[in-house]
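K.L.:
Structure below; questions to follow.
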Amino acid sequence: MGVALLSAKRSKDPSTQVGACVVNQDKRIIGIGYNGFPTGCSDDVFPWGKTDENSLNTKYPYVVHAEPNAILNCTSNIKGATLYVTLFPCNECAKLIIQSGIKHIVYMNDKYKDSDSNIASRRMLDAAGVTYSKMHELFIELK
């Protein structure tokens, strides 16, 4: 989880920095990611705002979440791996996690627990047999 926390620091999102780390069955790190714009899309050109009358002026249509970035950055077979992530995955990320073959998720924060997105995420993860657990009492100060 320390690597996921460190990776989150790379995100330029001013409100929610998320990091993820994929670990294979041999307990080796095979992928790391954080939330940000796709390669080639400048952080200075695309919006980081959360609200606007025009949704195209918010970050939501553009940001790639930490989980898919970590999955895409994997250097070896991901089947059966564990994903460490600082924020519980949304429904869109859950689909990718399931499709990639990840079998367990360890998360730190679940601030959107009651959102439709996270309820859908849990339904899919449960149906697919992907287990998840919250990491309790982790206090790592990264400066």
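The values are calculated or read from the model by the stated rules, or taken from the named source; none is laboratory data. These figures come from a predicted structure and were not determined experimentally. A quick note on method: Cβ atoms are made from the backbone with ideal geometry, for glycine too, and the neighbour counts reach across all protein chains shown. To get the accessible areas, we keep the full protein, side chains included, count just its heavy atoms, and leave off ligands, DNA and RNA. Shrake-Rupley method; radii C 1.70, N 1.55, O 1.52, S 1.80 Å.
K.L.:
Of the residues Pro68, Pro47, only one is of a type outside the set (Ser, Thr, Tyr) and over 13 Å from the mean Cα position of the chain (by Cα); which?
P.N.:
Pro47
K.L.:
Moving on. Looking at (1) aliphatic (A, V, I, L, M); (2) touching a Leu at 6+ places or on another chain (Cβ under 7 Å); (3) closer than 16 Å to Met135 by Cα, which is the one condition that is false for Ala94?
P.N.:
(3)
K.L.:
Hey, can you tell me all the residues within the stretch 43-65 that are open to solvent by less than 60 Å² (accessible area, probe 1.4 Å) and either among the β-branched types (Val, Ile, Thr) or in contact with a Ser or Thr (Cβ under 7 Å, 6 or more places away or on another chain) (or both)?
P.N.:
Pro47, Gly49, Thr58, Val63, Val64
K.L.:
Same structure again: Can you confirm whether the stretch 117-125 contains a residue that is open to solvent by 80 Å² or more (accessible area, probe 1.4 Å), modelled with pLDDT under 95 and of a type outside the set (A, V, I, L, M, F, W, C)?
P.N.:
no
K.L.:
Which of the residues that make up the stretch 10-24 are assigned to a loop (DSSP other than H, G, I, E, B) and surrounded by 12 or more Cβ atoms within 10 Å (Cβ to Cβ)?
P.N.:
Arg10, Ser11, Lys12, Asp13, Thr16, Gln17, Val18, Asn24
K.L.:
Give the residues of the stretch 66-95 that are surrounded by fewer than 17 Cβ atoms within 10 Å (Cβ to Cβ) and either in contact with a Phe, Trp or Tyr (Cβ under 6 Å, 6 or more places away or on another chain) or part of a helix (DSSP H, G or I) (or both), sorted by residue number.
P.N.:
Leu72, Glu92
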